[in-house]
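Laboratory data are not the source of any read-out in this text; all were calculated from the coordinates shown. The structure displayed is predicted, hence computed values, not measured ones. Positions of Cβ are generated from backbone atoms using ideal geometry, with glycine treated the same way; all protein chains shown enter the neighbour counts.
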Amino acid sequence: MNELLTIFFSMALINNFVLTKFLGLCPFFGVSKKLKSALSMGLAVIVVMMAASLVTWLLYYQLLEPNGVEYMKTVIFILVIASLVQILELTIRRTNVALYNALGIYLPLITTNCAVLGVTFLNVQEGYGFAETLVAALGAGVGFTLVLAIMSGIRERLELADTPKSFEGMPVAFLVAMLLGISFIAFGGMV
Amino acid sequence: MDSTAILIIVFLTLVGLGCGIAIFLANRFLPDEDPLLKRTEEISQYLPGMNCGACGMPGCFAYAGEVAKDVECLDKYPCMTLQNDPEALKGLGQCLGLELSGGEKKVAVVHCAGDSEVLFDYAGIDSCKAASQISAGYKKCPYACLGFGDCAEVCPVNAISIDSEKKVAVVDPEVCIGCGLCAKECPQNIIEIIPAEMPQFLACSYLSRKDIPGREKCSIGCIHCKMCVRASEGGEVDWDDKTFMPLFDHAKLLPAPAAIDKCPKKVILKRDSPRWSQMPKKERVEVEKPAVKKE
């Protein structure tokens, strides 16, 4: 249990996907303008990360490793994640229209999100077991959502702030990202 | 070919097949999707898709959802862009099984030519709304366009540009879709949505009869001289006794070339050609000079 907690927090805070590993940077800047859409995106990422980790773990340890073709993981993982997102989208669309409208375009966006592929690779690289894989995926997703939420909160305030003309919009967002990144380094001393 | 290569090919095929079959099964066995959602998507194909929000809904997709629920929405909350696009309207009519008659194309016009003298140096926030709070703007004419581009900012198609020299908004009638967002936004209320077929409009909205802008405040403002009414023979130009300004009938759409010609301030403009090309600069200076001397 203790170990699982360690994995969760190290994925969420210390090795944060966005600010420490620099994965999933496009949604970090693209979808962080409004808190509501940031949370929708975060939720979608958490779900897809969990599902993708589950399936890829099974595939890797049941199919690829016993046959000694681990190097196939890149192409197979991409294939699996893409179709997984398709199925997920189809399911939500058919069963829950309200949720589908809330997630909107974010689900298809995740198909090619490097953070999702990254978490599956990390799981394999670290040699996590089944439960550890799921917890790591959850932690990564939560960390991603957390950073997106913080960033969108700051950017909502920045819209109202009196920024110099040349810094308006993206430039000041980059600066904020830098400060956020520095502050997240402080989590490194936690474990 | 060695056995690993074959293994790889088999694996990749298997995984690909598996994914394909999984999607197929999901598609086959999941309950049918909400018919409303499908209809919404069909309808949204014909909408402009630029999410301007002029209809009152948060976006085109939301508008399509409302229309899918209740067709009456098309009349209740009209989408001006849709009304201006006969092809999309026809497509939507087929989709809904209705005969949709296209409303006439409309465009926005700014009732100001922007030549009013400056009353004081305004150094506040770059916004017409803020500037209009201080003594009805920094220009001498209280009905003048302030030229900070509040209208240009809300325009979903970037049809409005600001003439930075005169500080006046200029609408490109080719690009304008007549959505009416700018007219709502303008704090001076000098933007009007008129039929695109309208041949001319008055580029001034000076309502007061006392201080005539053409004499001392604005070199190209309406001086309420009624020359246009006298010049028009067939009743193309009416006179509004309340505002003391010429009126052009939006239903009849009559061209009034004589009025455009006779107007001493050249403030009646043809709607379809760019404003700056119609403003004879030399003439304006000549008009201005004797006016100053009189004072």
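Put a dot 7 Å past each Cα toward the Cβ at residue B:10 and residue B:174; how far apart are the dots in nm? Each label point lies 7 Å from its Cα, and together they span 6.5 nm. Over all distinct Cα-Cα pairs of segment A:1-59, the Kirkwood formula returns a hydrodynamic radius of 12.9 Å.
Over the Cα atoms of segment B:1-89, what is the Rg over Rh ratio if Rh follows Kirkwood? Each step should come with its number before you reach the end.
On the way: Rg = 22.3 Å, Rh = 16.4 Å.
That ratio is 1.36, to two decimals.
For segment B:86-145, the calculated P(r), taken from all Cα-Cα distances in 10 Å bins from zero up to the bin holding the longest distance, is 19, 29, 11, 13, 21, 6 percent. With the contact rule set at Cα under 8 Å and sequence spacing of 6 or more, what percent relative contact order holds for chain B? This gives 14 percent for chain B. Rounded to the nearest 10 degrees, the inclination of helix A:114-126 to the longest alpha-carbon principal axis of chain A is 50 degrees. Take chain B, drop everything but the C-alpha atoms, weight them equally and run the Debye formula without solvent; then report log10 I(q)/I(0) at 0.08, 0.09, 0.10 Å⁻¹ to two decimals. The Debye formula, applied to the Cα set alone, gives -0.49, -0.57, -0.66. Residue exposure proxy: A:26, B:204, B:141, B:73, ordered by other Cβ atoms within 10 angstrom of their Cβ from fewest to most, comes out as A:26, B:73, B:141, B:204. Sparse packing (at most 15 other Cβ atoms within 10 Å of the Cβ) combined with a DSSP loop state is found for the following GluC sites (Glu not before Pro) in segment A:134-191: A:168.
Using helices alone, I'd like the mean residue ellipticity at 222 nm for chain B: each DSSP H run of four-plus residues gives -39500 (n - 2.57), total over residue count, nearest 500. Mean residue ellipticity, 222 nm, calculated: -10500 deg cm²/dmol.
Evaluate E = 1/(1 + (r/R0)^6) for residue B:76 and residue B:17, where r is the Cβ-Cβ distance and R0 equals 41 Å; express this FRET efficiency to the nearest 0.05. Before the final figure, lay out the partial values.
Working: r = 51 Å, r/R0 = 1.24.
Once rounded, the FRET efficiency stands at 0.20.
The angle between the Cα long axis of helix A:73-95 and the longest principal axis of the Cα atoms of chain A comes to about 70 degrees, rounded to the nearest 10.
Check every DSSP H run in chain B and write down those whose alpha carbon atoms cover 20 angstrom or more along the long axis and whose mean Kyte-Doolittle hydropathy is 0.5 or greater.
Details: long enough: B:3-29 (38 Å, 2.03); B:281-294 (21 Å, -1.55).
For chain B, where a helix must reach 20 Å along its axis and average at least 0.5, the hits are B:3-29.
Among the listed pairs B:129/B:242; B:242/B:266; B:129/B:252; B:129/B:262; A:33/A:165; B:242/B:265, those whose Cα-Cα separation exceeds 29 Å are B:129/B:252; B:129/B:262.
Between segment B:72-121 and segment B:1-64, the C-alpha centres lie 33 angstrom from each other. Reported to the nearest whole Å, the Cα centre-to-centre distance from segment A:1-19 to segment A:33-105 is 20.
Between residue A:105 and residue B:104, the FRET efficiency estimated from the beta carbon spacing at R0 = 41 angstrom works out to 0.75. Panel order for A:158, B:269, by other beta carbons found within 10 Å of each beta carbon, from fewest to most: A:158, B:269.
A simple spin-label model places the labels of residue B:127 and residue A:71 6.0 nm from each other, with each point 7 Å out along Cα-to-Cβ.
Based on the Cβ-Cβ distance from residue B:153 to residue A:3, what FRET efficiency comes out when R0 is 41 Å, to the nearest 0.05? Before the final figure, lay out each step's value.
Working: r = 54 Å, r/R0 = 1.33.
Approximately 0.15, to the nearest 0.05.
Taking every pair of alpha-carbon atoms in chain A, give the share separated by more than 27 Å as a whole percent.
Details: 5879 of 18145 pairs.
Result: 32 percent of Cα pairs exceed 27 Å.
Here's the list of aspartates and glutamates a cross-link from residue B:270 could span, going by alpha-carbon distance under 13 Å and ignoring same-chain residues fewer than 8 apart: B:172, B:197, B:261.
Scanning residues 5 or more positions from residue A:24 or on other chains, those with amide H under 5 Å from its amide H are A:114, A:115, with H placed 1.01 Å from N in the peptide plane. Can you tell me the orientation of helix A:130-160 relative to chain A, as the angle in degrees between its alpha-carbon axis and the longest Cα principal axis, to the nearest 10? Tilt relative to chain A: about 10 degrees. Within segment B:131-190, the proportion of Cα pairs with more than 18 Å between them is 30 percent.
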